[in-house]
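Working notes, structure below.
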Amino acid sequence: MKVTHIIVGTLLGLSVAACSTNKPRTVARMPKNDEMPTGTQGVKRKVGNPYKVAGVWYYPKEDPTYDQTGYASWYGKDFHGKATANGEVYNMNALTAAHKTLPMPSYVKVTNLQNNRSLVLRVNDRGPFVAGRLIDVSRRGAQLLGFQKQGVTRVRIQASDESGRVIRSSRSQQTATAQSRPEQAQAPQVTATGETHFVQVGSYSSQENATTQANKLRQSGHPARVQRQMQNGRAFWRVRIGPFVKRLLAQDRLDRVVADGFYDARIFTEKVR
């Protein structure tokens, strides 16, 4: 299974200690296959306190008009049957999802922007904690949305009720209009700001090592190039993809590169001379 399917840190889990031996702990049931859980599921609804993962702070909050576009991934058998962040039980064949800040539980309508399939999911977990990802869906969710095999896809996520009804707002309508236009790759050109963007996977003192990394990227479908650079009288070889005329296009590529396991990739912005 690809690393993209297993997002490290998606299931934070709960460390629940029994306060009293006379007070039994409520145990949530595992949802059935193809079920989108509703109701309490044996746990209390919570927004949650700010928390820190890998040096980054996250601030959960109520957001009934949440409407964002970004990348979705999925997680599966390594977490099947284990506790989610709010104490429910994860079934990779049920219709649930992980989000970094939305209340648990809450519901979201997720639309795969590659094929326009939509699905309502119950948020009962925290994650994903990979740069560029907005949501982790269950394996069954990825199957129904049509991206299980590719692992990652671009989606629109809207807060909804359990029936998929979305609260309309001027912000969400404007977002929907802007996001309905498909993005197309453009030939490199100078922007109005005179900037161009690259996805850099590494900088090496050895040309051989740089070439090896570039070949790995090409095998994964990324058009990487090796560029020689002089710094303080020494030669370095940078492995890069680009240039991109828009940072958004570079971000899209970065997400795909990270999804393929190149976790040291970064975006570099340079002035065009």
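Being under 30 Å from Gln229 (Cβ atoms), open to solvent by less than 70 Å² (accessible area, probe 1.4 Å) and modelled with pLDDT of 80 or more is a condition met by no residue of segment 152-173.
Return a yes/no flag: does segment 56-71 have any residue that is in a loop (DSSP other than H, G, I, E, B) and at pLDDT below 90. The answer is no; no qualifying residue exists.
Against the numbered list (1) over 19 Å from Val43 (Cα atoms); (2) outside any strand (DSSP E or B); (3) of a type outside the set (Asp, Glu), Ile135 comes up short only at (2).
Name the single residue, out of those in segment 33-57 being among the small types (Gly, Ala, Ser) and open to solvent by less than 40 Å² (accessible area, probe 1.4 Å), that is nearest to the chain's Cα centre (by Cα). The selected residue is Gly48. For segment 209-224, taking the residues that are in a helix (DSSP H, G or I) and of a type in the set (A, V, I, L, M, F, W, C), the one that is farthest from Phe198 (Cα to Cα) is identified as Ala210. Checking each residue in segment 81-118 for being in contact with a Gly (Cβ under 7 Å, 6 or more places away or on another chain), among the aliphatic types (A, V, I, L, M) and over 20 Å from Met30 (Cβ atoms) picks out no residue at all.
Yes or no: Ala176 loosely packed, with under 11 Cβ neighbours inside 10 Å and at pLDDT below 95? No.
Answer yes or no: is there a residue in segment 7-29 that is open to solvent by 30 Å² or more (accessible area, probe 1.4 Å) and modelled with pLDDT of 90 or more. Within segment 7-29, none of the residues are open to solvent by 30 Å² or more (accessible area, probe 1.4 Å) and modelled with pLDDT of 90 or more.
When Val110, Val201, Val137 are screened for being farther than 26 Å from Thr38 by Cα, open to solvent by less than 20 Å² (accessible area, probe 1.4 Å) and at pLDDT 85 or above, only Val201 passes. The residue that is nearest to Val199 (Cα to Cα), among those in segment 225-262 that are open to solvent by less than 20 Å² (accessible area, probe 1.4 Å) and among the β-branched types (Val, Ile, Thr), is Ile241. The set of residues in segment 204-259 that are of a type in the set (S, T, N, Q) and under 20 Å from Lys271 (Cβ atoms) comprises Gln227, Gln229, Gln231, Gln251. Residue count for segment 72-87 under the criterion of being part of a loop (DSSP other than H, G, I, E, B) and more than 18 Å from the chain's Cα centre (by Cα): the result is 5.
Every condition in (1) assigned to a strand (DSSP E or B); (2) over 23 Å from Ile135 (Cα atoms); (3) touching a helix residue (DSSP H, G or I) at 6+ places or on another chain (Cβ under 8 Å) holds for Phe268 except the one numbered (3).
The values are calculated or read from the model by the stated rules, or taken from the named source; none is laboratory data. Quick caveat: nothing in here was measured; it's all calculated off a predicted structure. So basically every Cβ, Gly included, is an ideal-geometry build from the backbone, and we count neighbours across all protein chains shown. When the accessible area is computed, the model is the full protein with side chains, heavy atoms only, and any ligands, DNA or RNA have been set aside. Shrake-Rupley method; radii C 1.70, N 1.55, O 1.52, S 1.80 Å.
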